[in-house]
Amino acid sequence: MSTPDPLAENRHRRRLVVTGMSTLTALVLLFGYHTSTDSTASAGTVAVGAAVAGTSSGSTGSTGSTTGTTATGDAADTRWGPVQVKITHSGSTITAVDVVEYPTGNPRDQEINAQAIPELVSETLSAQSADVDMVSGATVTSRGYLQSLQSALDQAGL
Amino acid sequence: MITAPAVAPAPVRRVEHVMGFPVSLAVRGRHADDTAGRRAWQDVMDSLARAEAVFSTYRADSWISRLDRGEVDLVDCPPEVAEVLALGDAAADASGGAFSVYRPRGGGGLGLDPSGVVKGWALERAAEALRALPETDFCLSGGGDLLCRTLDPAAAPWRIGIEDPHHPDRLLARVPVATGAVATSGTAHRGAHLVDARTGAAPAAVAQVTVVAPTLTWADIDATAAYALGPEAATWLSTRPGTTGLVVWADGTTTPVPHETRSRR
């Protein structure tokens, strides 16, 4: 069920140049990709945040094309697909972090996750006439909050 | 079984501030206003406070600031630091480099600023406390980025308004979301704080990008990346799986994604 999308194969290798950092371990990451059939996740089993550091069972070896030694963590089989990370280090300095494999979803996920398209309206919102539950807007800060639509909504409900 | 078309009671609402933005919760159902529900809300705020302590670039003592100064190694940091950096890497790749968690530093080299990844990710993680509440639906917003969960098949979807960047007292669009996330990037409230990492310049053509996606982690990343791509925002967004959205251009015109006039065969 977690077969990576072959079209995304070229995305599986990505490079992150990390300057000034060092580590000697590989990291296996898990990150969430919920689907709209998410009700089974209500038991709090989602793996977000459950990264595992210091995986020692991954492979370690030198590669010819890059400087330094690489260490590849075991692929973690998450419910969204496998996730695997490789680091390259020279001595105690990390020179690169590659996400070797990460979940990209599949056509069935995309179908399930089909979302509504925003419908254009033009209306002034007030606390008295709120016909929305929440407002999405460009980063609302605490300083700007008092003037925001969201503030009106919160006050209307309190 | 016949379900009466009863008028649903208004959701319980809570709001607190953390990480420099307001966090708003609308919650309905079994645990909307009981001890478990209130504890979950406290857990949400605690989770966000922990994220701030780890990732704030405004705090000299955060892990991300210490990592940026080279005082600690990645392996010393809590594991979510590597998780967030890998997300930033994936986002940079997906956007052809327009999105980056690295910024050129004044004195040379690259500085670390994962803010564009952290917010959505942190809210997604914090919402776990709410997801654990049975028979309870919620919509959790942090500074205009939000995620919704609806378990009740008879419940109406959450009604999400999209702010008009040129008239922040007005709504530009509405979108119903039962379960999913909505993130908006733009400059309405904070000035030009987003740049195209490829050029270092603020995007000119686009005023605001809203993304509707399965997770807030990726809705936030995609909104930021699309905004950074400027004139290519709508075209790029239409390539993102499971995603819809709305691009507002600097001249006030809009492009829904996928485009409403797109023909279907």
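Bear in mind these aren't lab numbers, they're just calculated from the coordinates by the rules spelled out. All figures in this text were calculated on a predicted structure; none of them were measured in a lab. Don't worry about glycine lacking a Cβ; one is built from the backbone with ideal geometry, like all the others, and counts go over all protein chains shown.
If the condition is being facing chain A (nearest Cβ under 10 Å), of a type outside the set (A, V, I, L, M) and more than 17 Å from B:Ala223 (Cβ to Cβ), then the range B:117-137 contributes B:Arg125, B:Glu128, B:Arg131, B:Pro134, B:Glu135, B:Thr136. Within the range B:58-75, the set of residues being more than 8 Å from chain A (Cβ to nearest Cβ), surrounded by 14 or more Cβ atoms within 10 Å (Cβ to Cβ) and over 24 Å from the mean Cα position of the chain (by Cα) comprises B:Arg66, B:Val72. In summary, B:Ala92 fulfils each of the numbered conditions (1) under 29 Å from B:Ser24 (Cα atoms); (2) in contact (Cβ under 8 Å) with a residue 24 or more places away in the chain; (3) assigned to a helix (DSSP H, G or I); (4) touching a Leu at 6+ places or on another chain (Cβ under 9 Å) with the single exception of condition (1). Can you tell me which condition B:Ala82 does not meet? The list is (1) crowded, with 23+ Cβ neighbours inside 10 Å; (2) under 30 Å from B:Pro11 (Cβ atoms), and all the others hold. Condition (2) is where B:Ala82 drops out.
Before we move on, is B:Val81 hydrophobic (A, V, I, L, M, F, W, C), on the phi < 0 side of the Ramachandran plot, in a loop (DSSP other than H, G, I, E, B) and without any contact (Cβ under 8 Å) to a residue 40 or more places away in the chain? Quick ask: steps written out before the conclusion?
Numbers: hydrophobic (A, V, I, L, M, F, W, C): yes; on the phi < 0 side of the Ramachandran plot: yes; in a loop (DSSP other than H, G, I, E, B): no; without any contact (Cβ under 8 Å) to a residue 40 or more places away in the chain: yes.
Answer is no for this residue.
Return a yes/no flag: does the range B:118-136 have any residue that is closer than 30 Å to B:Pro9 by Cβ and part of a strand (DSSP E or B). For the range B:118-136, residues closer than 30 Å to B:Pro9 by Cβ and part of a strand (DSSP E or B): present.
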